[in-house]
Each structure stands twice: as structure tokens, then as C-alpha cells.
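In what follows, a structure is listed as C-alpha cells, so that the remarks can point back to it.
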Amino acid sequence: MNYDAALDTALQRLHDEGRYRTFIDIERQNGQFPHAVWTRPDGSKKPITVWCGNDYLGMGQHPDVLAAMHEALDATGAGSGGTRNISGTTVYHKRLEAELADLHGKEAALVFSSAYIANDATLSTLRAIFPGLIIYSDALNHASMIEGVRRGGGPKRIFRHNDVAHLRELMQADDPAAPKLIAFESIYSMDGDFGPIEAICDLADEMGALTYIDEVHAVGMYGPRGAGVAERDGQMHRIDIINATLAKAYGVFGGYIAASAKMVDAVRSYAPGFIFTTSLPPAVAAGAAASVKFLKTAAGQALRDRQQLQARILKMRLKALGLPIIDHGSHIVPVHVGDPIHCKMLSDMLLDQHGIYVQPINFPTVPRGTERLRFTPSPVHDSAEIDSLVKAMDQLWQHCALNRAEVSA
């Protein structure tokens with residue numbers, strides 16, 4: 001086989017479909033986020049505003065977080081030096097897990113190197129803990145959940161997105177005595193819609209099933225202490241396993257699950273994705289714990305309120321331009337483009353002409369024909385930056401519309 005030719009063919013296919021992914025080289029500016037510096041391919045530099053980051057609340061630059069990381073770095077050095085079982089458990093890891101268990105009102109928490117690994121490792125391991133487990137998974141669950149369900153190797157059922165009636169049909173068709181688990185998300189990040197948590201918990205109670213929720217895009221952002229949508233909706237105590245991240249609203253790195261002490265102990269003891277992975281650097285664990293602790297406070301709620309206000313303002317102003325906004329009431333602001341080439345074109349022009357960085361979202365992250373720009377306003381985006389974005393989108397949307405009309409003609 002000509003391996004080079006096969007590689008060329010595979011990469012050219014992405015170019016032809018308009019979905020070849022280009023990494024934008026940016027340098028975040030401490031204390032100035034969402035401002036950053038973009039290094040162009042020719043080596044020149046341009047100041048930009050980041051509009052697509054997942055550091056939703058700007059906690060990646062918060063003084064409490066940075067101070068905690070400096071303290072841990074000075075005290076312990078760079079890395080943890082091992083897996084959690086072999087020299088890699090420190091007071092910083094234990095402190096972080098205690099903060100997370102308290103956040104979610106659970107007996108215990110377990111920190112992983114990412115929320116992706118936490119989903120994959122936990123969901124694939126549950127089948128070893130509960131033989132014959134049937135997993136019912138929402139059709140739009142994150143890739144990490146899909147991979148975890150698949151790798152477990154047991155029976156699975158895919159229910160239509162947020163369709164509790166379809167979920168009920170699937171569950172009723174299975175053996176009532178079989179162990180069952182419903183896996184879903186609280187916020188689906190590409191459309192920004194919410195999962196029907198209470199209805200799913202009601203059905204789980206009726207059917208004797210466990211519940212597993214991914215709160216990755218919700219922790220820090222919703223609920224009186226930032227524990228997520230389940231906390232906001234008063235359903236957190238009904239969820240058996242909560243998965244979330246430390247890399248989005250908390251602004252640091254890593255992922256975790258929170259559950260009963262027995263559940264966490266079983267996953268800790270059986271999951272290869274936990275057992276054989278070097279633990280988080282102590283400085284990262286310290287910074288994450290400081291961020292979680294801060295966002296539990298009234299000051300954290302003020303950040304959440306400010307972020308929600310900014311999201312509402314941006315949605316209102318983009319809608320006023322007639323742009324196709326997907327609005328389910330969450331903090332995520334997707335603008336539907338529907339074509340990968342035009343989506344990339346808009347992204348490139350925003351960056352090059354206006355210093356606005358928003359990455360195009362194409363297949364396989366979203367289905368073909370639903371390509372979009374996904375804006376994530378934060379408390380540190382001010383009114384002038386919103387003005388600049390709205391004006392740029394107005395100008396470029398009209399420009400792209402004219403180009404599409406000319407091509408069609």
C-alpha cells in the first residue's frame with residue numbers, strides 16, 4: 001500500500017469538504033482575558049478578542065486560582081510523580097476531591113486527567129461492576145460518553161434526543177430485572193439546550209435504573225453554588241453519578257465524577273483509565289480547588305449573573321440583525337451557518353479583518369448541514385466588545401449572503 005498517498009487522500013477529502021481544522025496560534029494575556037495575541041502564519045502578531053473559549057467565567061486568570069497554583073508549585077514542584085496509587089496522591093488532590101464532593105452533596109469524588117477520560121473510564125467500567133448492565137444513552141451525548149458506552153461491550157439503547165417517551169419505550173422492552181443506567185447531559189454544548197433532568201429521574205425511579213449525568217458545560221455556571229443544572233433544578237440528590245470538568249467554567253484542567261463513597265471506590269478500583277494514568281500536577285489540583293471554592297460563594301454568583309446577562313444581550317442583538325440564533329436559554333450562543341465552507345470563511349474574516357476569534361464548528365462535532373459559529377460570552381467581555389462583534393457579524397453576514405447569491409446565480 002502507498003501509505004503517503006492514502007494520507008494525502010484522507011487530508012484532501014477534509015479540504016474538499018471545507019472542514020479541515022486549522023489551529024489558531026494564540027497567546028492569552030494574563031489579567032487581560034478575553035484579549036489575546038494571534039501569531040499569524042507569517043510570524044506577525046495581531047491583538048484579538050477570544051469569543052469561543054470555554055473559560056466561561058474568566059477563572060483561568062482569577063487571583064485566588066493563580067495564588068493557589070503558585071503556592072503549590074513552590075511547595076511541591078511541577079508534576080505529581082506517579083499514578084494516584086503509586087506516589088501520585090497529595091494533599092492537593094484530596095483537598096480538591098473534598099471540595100467537589102461538597103459541591104455536589106455527594107459522599108465522594110474522584111479526579112481524572114480530563115472529563116473525557118472520566119466519562120470513558122467510568123461508563124466502560126460500570127459493566128464490570130454491574131454484570132449485564134443496559135445503558136440507555138441520549139442520541140446527542142458527547143463523544144466521550146459514546147466511547148465509554150461502546151468500550152464497555154454490553155447492551156446499549158440509544159434514545160432520541162431529550163425524548164423521555166422514547167426512553168420509556170426502550171426500557172419497557174427490556175427485562176425488568178436487568179440492571180439499567182440512563183446516561184445524559186444537563187446542557188448539550190452545540191445547541192445549548194437542557195436535558196429533562198426531573199423527568200429522567202422520575203423514569204429511573206420507576207424502572208429501578210441508575211442515573212448518570214454529564215454537567216461539563218454547567219458546573220460553575222448554574223445553581224446557587226455552581227454545582228450545575230441539577231442543583232439549579234433541585235434534582236442533584238437524585239443523580240447517582242455526576243461527571244464534570246475543571247477545564248471550562250473553573251478555568252483550570254481535569255475532570256471528575258461525584259457519587260456515593262461505594263460507587264467512587266468501585267470505579268477507583270476497577271477503571272484502567274484511572275488506575276494507569278499519572279495524576280494531575282499538584283499545582284493544577286490546587287488551582288482547581290481554589291476555583292471551585294470561590295465559585296460556591298456570593299462573588300461566584302455575581303460572575304454567573306454577569307455572564308448570563310452578557311449572553312442574553314448578545315442573543316438579543318444578533319437576533320435583531322435577523323441572524324439564525326439557536327436559543328434554548330443557556331449561556332451558549334450558536335449562530336447557524338449550515339455550510340462548512342461559509343462557516344470557515346466567516347471565521348477567517350472575523351479573525352483577520354476584525355480581530356475576533358470564533359472557531360467554526362463542523363462535522364463530526366455537529367451533523368452535516370448544521371455547521372455553526374459558537375460564541376461564548378463571559379463576564380469579562382464588555383459592551384464595547386459586544387458592539388464590535390455585532391457590527392462585524394452584520395457586515396460579514398451580508399457579505400457572505402451576497403457571495404452565496406452570486407454563486408447560486
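Some values worked out for this structure:
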{"quantity": "Restricting region 1-20 to residues that are among the hydrophobic types (A, V, I, L, M, F, W, C) and either touching a strand residue (DSSP E or B) at 6+ places or on another chain (Cβ under 6 Å) or modelled with pLDDT under 95 (or both), the residue that is nearest to Pro367 (Cα to Cα)", "calculated": "Leu14"}
{"quantity": "Looking only at region 44-81, and only at residues there that are acidic (Asp, Glu) and surrounded by 14 or more Cβ atoms within 10 Å (Cβ to Cβ), the one that is nearest to Ala218 (Cα to Cα)", "calculated": "Asp55"}
{"quantity": "Region 151-171: number of residues that are assigned to a helix (DSSP H, G or I) and either within 18 Å of Ile197 (Cβ to Cβ) or without any contact (Cβ under 8 Å) to a residue 24 or more places away in the chain (or both)", "calculated": "7"}
{"quantity": "Complete set of residues in region 130-149 that are over 20 Å from the mean Cα position of the chain (by Cα) and of a type outside the set (A, V, I, L, M)", "calculated": "Phe130, Pro131, Gly132, Tyr136"}
{"quantity": "Test: residue in region 200-212 that is open to solvent by less than 10 Å² (accessible area, probe 1.4 Å) and touching a residue at least 40 places away in the same chain (Cβ under 8 Å)", "calculated": "yes"}
{"quantity": "Some residue of region 361-378 being open to solvent by less than 10 Å² (accessible area, probe 1.4 Å), modelled with pLDDT under 90 and either farther than 26 Å from Pro47 by Cβ or of a type outside the set (Gly, Ala, Ser) (or both)", "calculated": "yes"}
{"quantity": "Residue satisfying condition, being closer than 29 Å to His62 by Cβ and either crowded, with 19+ Cβ neighbours inside 10 Å or touching a residue at least 60 places away in the same chain (Cβ under 8 Å) (or both), within set Pro224, Pro272", "calculated": "Pro224"}
{"quantity": "Options Ser330, Ser347, Ser291; residue that is hydroxyl-bearing (Ser, Thr, Tyr) and assigned to a loop (DSSP other than H, G, I, E, B)", "calculated": "Ser330"}
{"quantity": "Any hit, region 91-112, residues being open to solvent by 30 Å² or more (accessible area, probe 1.4 Å) and of a type in the set (Val, Ile, Thr)", "calculated": "yes"}
{"quantity": "Among (1) over 16 Å from Glu99 (Cα atoms); (2) surrounded by fewer than 24 Cβ atoms within 10 Å (Cβ to Cβ) - the single one Ala230 does not satisfy", "calculated": "(2)"}
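Table: residues versus (1) within 19 Å of Thr122 (Cβ to Cβ); (2) open to solvent by 50 Å² or more (accessible area, probe 1.4 Å).
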| position | (1), (2) |
| --- | --- |
| Gly234 | no, no |
| His237 | no, yes |
| Lys248 | yes, no |
| Val264 | yes, no |
| Ala290 | no, no |
| Lys296 | no, no |
| Gln310 | no, no |
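The values are calculated or read from the model by the stated rules, or taken from the named source; none is laboratory data. This structure is a prediction, so every number in the text was calculated from the model and none was measured. For neighbour counting, all protein chains shown are included, and Cβ atoms are generated from backbone atoms with ideal geometry for every residue, glycine included. To get the accessible areas, we keep the full protein, side chains included, count just its heavy atoms, and leave off ligands, DNA and RNA. Shrake-Rupley method; radii C 1.70, N 1.55, O 1.52, S 1.80 Å.
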